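S.K.: Handing you a structure now.
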Amino acid sequence: MSAAALSLPEQSGVPIGIRNVSKEFGEHSGKPFQALKPLNVSIDAGAFVSVVGASGCGKSTLMLIAAGLLKPSSGEVVVDGRPVVKPITDVGIAFQDHLLLEFRTAFENVMLHADIRGLPRQPLEKRARDLFAQLKLEHAMNKYPSQLSGGMRQRVSLIRTLVHDPAVILMDEPFGALDALTRLQVRADLEELWLRRRPTVLFITHSVEEAVGLSDRILVMSPSPGEVIDDIQVSLPRPRPLVLGDAPEFTRYVDRIHRHFARLGVLHGVEPGAAKEPA
Ligand SMILES: Nc1ncnc2c1ncn2[C@@H]1O[C@H](COP(=O)(O)OP(=O)(O)OP(=O)(O)O)[C@@H](O)[C@H]1O
Ligand SMILES: [Mg+2]
């Protein structure tokens, strides 16, 4: 089925503009360290955009700046036409660690947003129940995190990220701690949930395959100081099968990214020219 063939009635996403954003740490004390070179990226409303790059290239720094949790040294991030000058509140954030509270059940962990923000619980409870059902996790709702597997905890965390229907979702290596099989399952869950509402997603991953499997667009970053060295439109149909194997249209994108990393010395022992040029 092609993306165009899917009915996507609700597109809750908003555009994101990253304008000339750079970051130097230690500007005011010690030796300055440039973490990010100036970045310019415009992200369309409802797009799923991944960022891939070597460890330490500045991905999390970019994410924190986009969320308004870190001030850039230059430039600005604009979400839905408004400059981000403080932490943005209707964003959904997910990090590598699921960060569930051990003394709350799975359901109450998901409802944390409502409680912290003083939002009425009823509509969010309904949405939370729907999401638990969609992910076939109803049986886990009243369990505590210690009673759940790692994959279940990560999916509860995913529900918490999505429960208030955020227009923007920022995810920093959310599946990094999962085993390969569970990671595939949660990836499929994420794509399915994203297709239902189409929030704008900025997704950081170390997995090139995961980026190609999920994204409309992939930003490839250079090693530190990070800058965008390739901006790849991924025009594969959705929903995407999990087992793409060596389908040439899939490996074409993977090879293109690996070739950058080989050239930049991020992947050692790989001939930079080994991967085929994309058609
Ligand atoms: N608060 C800080 N003060 C000084 N340097 C920092 C700070 N935060 C990050 N850095 C440095 O900035 C660079 C980019 O860090 P960042 O966490 O953004 O990398 P990353 O791409 O997310 O890496 P990883 O893939 O390992 O998570 C690193 O060299 C890091 O040491
Ligand atoms: Mg990081």
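S.K.: What residues have an amide H closer than 5 Å to that of F48, excluding those fewer than 5 places away on the same chain, when H is modeled at 1.01 Å from N in the peptide plane?
M.R.: Under 5 Å from the amide H of F48: V201, D216, R217.
S.K.: Scale the Cα Rg of the range 50-188 by the rule-of-thumb value 2.2 N^0.38 Å and send over the ratio, two decimals.
M.R.: Values: Rg = 15.8 Å, N = 139, 2.2 N^0.38 = 14.3 Å.
Dividing the Cα radius of gyration by 2.2 N^0.38 Å gives 1.10.
S.K.: Given R₀ = 30 Å, FRET efficiency for E24-A177 by Cβ-Cβ distance, to 0.05?
M.R.: For R0 = 30 Å, the calculated efficiency reads 0.50.
S.K.: Once each part is reduced to its C-alpha centroid, what is the distance from the range 17-69 to the range 112-165 in angstrom?
M.R.: Between the Cα centres of the range 17-69 and the range 112-165 lies a distance of 30 Å.
S.K.: Is the shape of the range 175-259 best called rounded, prolate or oblate, per the rule: a/c under 1.5 gives rounded, else a/b larger than b/c gives prolate, else oblate, with a ≥ b ≥ c the square roots of the Cα gyration tensor eigenvalues?
M.R.: In terms of gyration-tensor shape, rounded.
S.K.: What are the radius of gyration and Dmax of the range 114-244, computed over its Cα atoms and given in Å?
M.R.: Cα only, the range 114-244: 16.0, 46 Å (Rg, Dmax).
S.K.: Taking the highest mean first, how do the peptides 75-88, 218-231, 180-193 order by number of other beta carbon atoms within 10 angstrom per residue? If you can, show how the numbers build up before the last one.
M.R.: On the way: 75-88: 15.0, 218-231: 19.6, 180-193: 17.1.
With the highest mean Cβ count within 10 Å placed first, the list reads 218-231, 180-193, 75-88.
S.K.: Where the accessible area of the chain is counted over protein heavy atoms with a 1.4 Å probe, how much of it, in %, is carbon and sulfur?
M.R.: The nonpolar share, carbon plus sulfur, comes to 54 percent.
S.K.: Still on this model: How big is the accessible area of R256 in square angstrom, nearest 10, if you roll a 1.4 angstrom probe over the protein chains?
M.R.: Ignoring ligands and nucleic acids, R256 comes out at about 70 Å².
S.K.: Cross-chain or 8 or more residues apart, Cα under 17 Å: how many lysine pairs in the chain fit that? Count them up, please.
M.R.: Step by step, the pairs that qualify in the chain add up to 10.
S.K.: In addition: Just need the relative contact order of the chain here, percent rounded to a whole number, with Cα pairs under 8 Å and 6+ apart.
M.R.: Relative contact order, the chain: 26 percent.
S.K.: If you don't mind, another one. Which value does Rg/Rh take for the range 8-92 over its C-alpha atoms, Rh per Kirkwood?
M.R.: Rg divided by Rh gives 1.00.
S.K.: Here's a follow-up. What is the set of long-range amide H partners of I204 at a cut-off below 5 Å, with H atoms built 1.01 Å from backbone N?
M.R.: For I204, the qualifying residues are V51, M171, D172, E173.
S.K.: Scattering from the C-alpha atoms of the chain alone, worked out with Debye: what is log10 I(q)/I(0) at q = 0.09, 0.12, 0.16 1/Å?
M.R.: Ignoring solvent entirely, the Cα scatterers give -0.43, -0.78, -1.33.
The values are calculated or read from the model by the stated rules, or taken from the named source; none is laboratory data. Quick caveat, the model's predicted, so the values are computed rather than measured. No Cβ is skipped: glycine too gets one built from the backbone with ideal geometry, and neighbour counts run over all protein chains shown. Each accessible area value is taken on the protein alone, full model and side chains, heavy atoms only, with ligands, DNA and RNA left out. Shrake-Rupley method; radii C 1.70, N 1.55, O 1.52, S 1.80 Å.
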